[in-house]
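Contents: one structure, followed by commentary.
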Amino acid sequence: MAGYGLAVFVGFYCCKGWAWGNLAGMDGAGRWRPFMFLLLTVAAGVVTAVVPLLPSSWPLVVRLVLSVVAAIAAGAAGSYVSEWLNARRALKASRAAAIAEEAGRRKALEENRNPAEADESPAALLRPTRGVVPFAGRADELKLLREWCEDGSACPVWLLTGPGGVGKTRLALELVEELRAAGWQCETDIAAGREAEQLGRARELGRRCLLVVDYAETRPELAAMLAEAARLEAAGDCGDVRVLLVARRAGEWWETLGSEVPAVRGLVERAGRCDLKPALTQDQSDEQVVLDAVPAFAAALGITPVPKVSVTIPEGAGRLPVLVLHAAALVAVLDARQEGGGVRAVAELGVLDRLLGHEKRLWRQSAQVKGLNAELVLLERVVAALALLGAADEADARTVLRRVPDLAEANAERLGRFARWARELYPGTGSAWLEPLRPDLLAERHVTDQLHASPELARACLTGLEEERAVRALTVLTRACAHHRHASGVIEAALRADLNALAPAAIVVAVQTGTRLGDLLATVLADVPAELDDLQRIADMIPYPTVALATAAATVTRRIRDLLPPDTDPAQRARWSHRLATVLAQLGRQEEALEAITEAVNLYRTLVQERPDAFLPDLAGSLNNQSNRLANMGRREE
């Protein structure tokens, strides 16, 4: 009996590796392991117990074979136990690593909330990437986005929209933090023009990935990115990649995206949508949001004890964007640092002007330290020019700053000192060299203030721009129209001063932002001094159909038709009359449209008599247009 036990013991250690490789390897998925462990344990026990009871007449070879079988079974069972213990240890280690990684991220976020440096921009504390105030609210929206990411069968694209300051970027960053903790790869710094390339690289990572594309409405290469997403989805390779588009609104840019590419059009139609409202949650008042933010800003500014703040919200203001509420809390804390004692936080858009006052104190102090020898008014204009036009590097910043009237004749060394001063105050993140005045609402407000106060600065900054820079400038000013009463006037004056250079950019920005800029362009096109050829060129740039530019299209087309000389070729006059009828009908101005198309029909009838082969198709088209106009007016028999 002792001999057989010794044989089993030796067999266990000699054969367990072989047993594991041949028996345990049979259940690759691991779901049969508990059953196999029990079976092997029983088998080992049974064979070990039975072998000593076998008749002595049985051959020795049989007894040895049974002993080896018992040893193999015991070895395999032991290997299962060892493997189970190792797996448990690995799982615990993996969980511990994930917890440590998340703790590291949270620690980095907490470090961002450390007391600000004395020379740091106060407004920087409002940046969503800074995360000074802990994330709160938006539970439903966050849950919706998380479920979309985890649903492998969902459309890979989601559009997140909302007015400026409601917390779109902060919500996206909170989603990023949660997904990273769950092992996702997340990219938030997607360079303009490289969206499709970034998507391809994300797919090659072989792990779940989220790409956050901020300012999606301004991305000219967005259609190419979505085309790549559609291709990957069709090939079954997009299940682990998600693209979150962030924009202020879903307007014409979204509705027409991919109109010429069916795959992209289908993706846009299936994409998830979420439009953020100002209120973080219905359970918390705006006043409470302000009060909850005060301790966070006090800690970031190193102010103790936390100042006592009372909150005033103007009557009838409705729910305010979280940025305005947090700005009110920040300004109250900054005021308390200067004045001491209790302070009042007034939550309204005007609080951004008060925050700019604190920024300007920083500009003056830092300029003195750098020995710039500049008055505050010049510093204000320097920041405004850079915020309006941007700068890719120091050389580009010097070019932009030469547009500031007081620096037009400055040498490169002086311009460089101003550029470096601005960059030290507002360093860029990711691929950006400079990011003056964030959040965006603050930059929009300051730029509009400066351009309105100085028409000379406005002319210098908005004249002779290349299209890319003109698009940026008009985007800033058009967004400012939502919260600054002088923004529209600045835009109109700029369009009148340099229509030929700004019109192409205005058409692009109007499609991205809506009817406000389109209507301003229409006002200018109605009477601005312009050559007929220039007006025709502008008319040809306006897309059809369009909502944002419908009024501008009708205005410029009518003006072109009316400016045609008396000796104009009748065919050309007929074409512009037909076109005018089309754009007027788009606006619902059916009577005017009928008048215009009737003129076109009469002209084409005359032309057909002379050259039927050339003009019969044009007459047919005009008659069709005319019949539609009559039908829309209820004159169906005609």
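The values are calculated or read from the model by the stated rules, or taken from the named source; none is laboratory data. None of the values given here were measured: they were computed from a predicted structure. Glycine also receives a Cβ, built like all others from the backbone with ideal geometry; neighbour counts cover every protein chain displayed. Side chains included, ligands, DNA and RNA excluded: accessible areas come from the protein's heavy atoms. Shrake-Rupley method; radii C 1.70, N 1.55, O 1.52, S 1.80 Å.
Sorted from longest to shortest, the spans of the Cα atoms of segment 515-638 along the three principal axes equal 42, 36, 20 Å. With the simple model of a label 7 Å out from the Cα in the direction of the Cβ, VAL346 to GLN572 spans 5.9 nm.
One chain, two ends: ALA154 and THR606. Fully extended at 0.36 nm per residue, the span grows by 156.9 nm beyond their Cα-Cα distance. Based on alpha-carbon atoms, the Kirkwood radius and the radius of gyration of segment 230-320 give Rg/Rh equal to 1.22.
Here the label points at GLU468 and ALA181, each 7 Å from Cα along the C-beta direction, are separated by 4.0 nm in the simple model.
Counting only heavy atoms of protein chains, what accessible area per residue, in Å², does segment 538-638 have with a probe of 1.4 Å?
Working: 5400 Å² over 101 residues.
With the other protein chains kept in place, segment 538-638 gives 53 Å² per residue.
Rounded to a whole number, what % of the accessible area of segment 367-484 do carbon and sulfur atoms account for, probe 1.4 Å? After summing per-atom areas, the C and S share lands at 46 percent. Solvent-accessible surface of segment 130-209, averaged per residue with a 1.4 angstrom probe and all protein chains in place: 42 square angstrom. Modelled spin-label separation between ASN373 and ALA263, with each label point placed 7 Å from Cα along the Cα-to-Cβ direction: 6.2 nm.
Surface composition of segment 498-577: carbon and sulfur atoms hold 52% of the protein heavy-atom accessible area at a 1.4 Å probe.
Diffusion of segment 168-305 by Stokes-Einstein, at 20 °C in a medium of 1.002 mPa s and with Rh set to the Kirkwood radius over alpha-carbon pairs, works out to 125 µm²/s. Are there any GluC sites (Glu not before Pro) in segment 354-442 that are in a DSSP loop and have at most 16 other Cβ atoms within 10 Å? List them by number. Those satisfying the criteria are GLU375, GLU409.
Summed over the residues of segment 211-330 and divided among them, the accessible surface reaches 44 Å² per residue at a probe radius of 1.4 Å. Note down the net charge around GLY236, summing +1 for each Lys or Arg and -1 for each Asp or Glu among other residues with Cβ under 15 Å from its Cβ. With Lys, Arg at +1 and Asp, Glu at -1, the neighbours total -2.
With the full set of protein chains in place, find how many percent of the accessible area of segment 172-224 is carbon and sulfur; take the probe as 1.4 Å. Each step should come with its number before you reach the end.
On the way: 990 of 2290 Å².
In segment 172-224, the share of accessible area belonging to carbon and sulfur is 43 percent.
Taking amide H positions as modeled 1.01 Å from N, with prolines and chain starts lacking one, the residues under 5 Å from VAL311 and 5 or more places away or on another chain are ALA345.
What is the gain in length, in nm to one decimal, between ASN500 and ARG636 on full extension, counting 0.36 nm per residue of separation less the C-alpha to C-alpha distance? Mind dumping the intermediate values first?
Details: separation 136, 0.36 × 136 = 48.96 nm, distance 4.31 nm.
Taking 0.36 nm per residue and subtracting the Cα distance, the gain is 44.6 nm.
Given R0 = 35 Å, the distance between the Cβ atoms of ALA493 and ALA410 translates into a calculated FRET efficiency of 0.85. Electrostatic tally near ALA480: other residues with Cβ closer than 11 Å to its Cβ, Lys and Arg +1, Asp and Glu -1, net +1.
Trypsin sites (Lys or Arg not before Pro) within segment 438-523: which are DSSP loop residues with at most 10 other Cβ atoms inside 10 Å?
Sparse-neighbourhood loop trypsin sites (Lys or Arg not before Pro): ARG485.
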